[in-house]
């Protein structure tokens, strides 16, 4: 039984040698590749960057500092603007004339998700997921998402003005602030001010619908395998509406995995979920048939709210219809 050991030793030596070679190649690549092109591993939403809006003087050249602490300087209002993020697409289309938006993210073209797909279909901006697609669009301003940390460096190295925008908004106030930020970046201050006021007033009216003395509705946001905990926009929306986010109360932070046990133990009075366009009734029926959901107070009292994804999902000015829909569901039957 001693004979087979020689090949095994040889195999181990071969694997060890291969590992050394691969390590050497990795070091060489790290050394030879420009730092802007190196992506580092990260957990989802780990590197969201700075959330505050930082703008300088309104006179040109205008200067703003992005989520990655890098500044962008604009000598004049940009005429060709590219976005790499769905929420940034929404912000642009609510503030900027649509012909100036020459690049968008792919979800903007998806009817089941997008509030601006008709504008995208009419003006045909490029889908600018990759740096080479951005370069082909020839922009004079790029809004890139905070989750794609390696992209800004590549685009800046190509000479493009890049603002790294953090659109994983945790509050409604942050959306309002970013409406004004996009107005500053694009030179559309008056349009941004009007949109920010419209958004603010819609939220204020929705919040005012809760009757005095009504206990806070106990609400669970249902995203399939996850729910929305503390430090999410969903929690802030419920706070503004005078409701309780059960997942946040029970210790969820961010977007945490939801189990049947959670649903049964928490027994929410309301459940809020999303559906593709035209699929609301289908999704509601599926939720009612779910064993854990079907046993909740929400199901027993007909308080499962299913909204189409273009209302349920946006983190943008198009969040206002979501807030209004929840206020109507929670308080529409109560006299104010």
Item to check | Selection count, segment 305-331, where residues are buried (at least 20 other Cβ atoms within 10 Å of the Cβ) and more than 24 Å from the chain's Cα centre (by Cα) | outcome: 2
Checklist outcome for this item: Of the residues in segment 246-267 that are in contact with a strand residue (DSSP E or B) (Cβ under 6 Å, 6 or more places away or on another chain) and under 24 Å from residue 310 (Cβ atoms), the one that is surrounded by the most Cβ atoms within 10 Å (Cβ to Cβ) is 247
Checklist entry - Can you name the condition, by its number, that residue 210 falls short on among (1) touching a residue at least 40 places away in the same chain (Cβ under 8 Å); (2) surrounded by 20 or more Cβ atoms within 10 Å (Cβ to Cβ)? => result (2)
Checklist entry - Is one or more of the residues making up segment 226-233 at pLDDT 95 or above, more than 21 Å from the chain's Cα centre (by Cα), surrounded by fewer than 21 Cβ atoms within 10 Å (Cβ to Cβ) and outside the structural domain of residue 165 (by TED's automatic domain parsing)? => result no
Next on the checklist: Given the options 324, 261, name the one that is more than 30 Å from residue 92 (Cα to Cα) and part of a helix (DSSP H, G or I).
Outcome noted: 261
Checklist entry - Does segment 193-214 contain at least one residue that is in the same structural domain as residue 68 (by TED's automatic domain parsing) and in contact with a strand residue (DSSP E or B) (Cβ under 9 Å, 6 or more places away or on another chain)? => result no
Checklist entry - Picking from 154, 168, 172, 160, which residue would you name as being closer than 12 Å to residue 86 by Cβ, in the same structural domain as residue 198 (by TED's automatic domain parsing) and either surrounded by fewer than 23 Cβ atoms within 10 Å (Cβ to Cβ) or out of contact with any strand residue (DSSP E or B) (no Cβ under 6 Å at 6 or more places or on another chain) (or both)? => result 168
Item to check | Check on residue 115, modelled with pLDDT under 95 and within 16 Å of the chain's Cα centre (by Cα) | outcome: no
Item to check | Criterion (under 30 Å from residue 287 (Cα atoms) and modelled with pLDDT of 95 or more) met by exactly one of 218, 197, 204, 191 | outcome: 218
Next on the checklist: Would you confirm whether or not segment 130-142 contains a residue that is under 27 Å from residue 322 (Cα atoms) and in contact (Cβ under 8 Å) with a residue 60 or more places away in the chain?
Outcome noted: no
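The values are calculated or read from the model by the stated rules, or taken from the named source; none is laboratory data. Since the structure is predicted, the reported quantities are computational estimates derived from the model, not experimental observations. Counting neighbours? That spans all protein chains shown, and the Cβs are built from the backbone with ideal geometry, glycine included.
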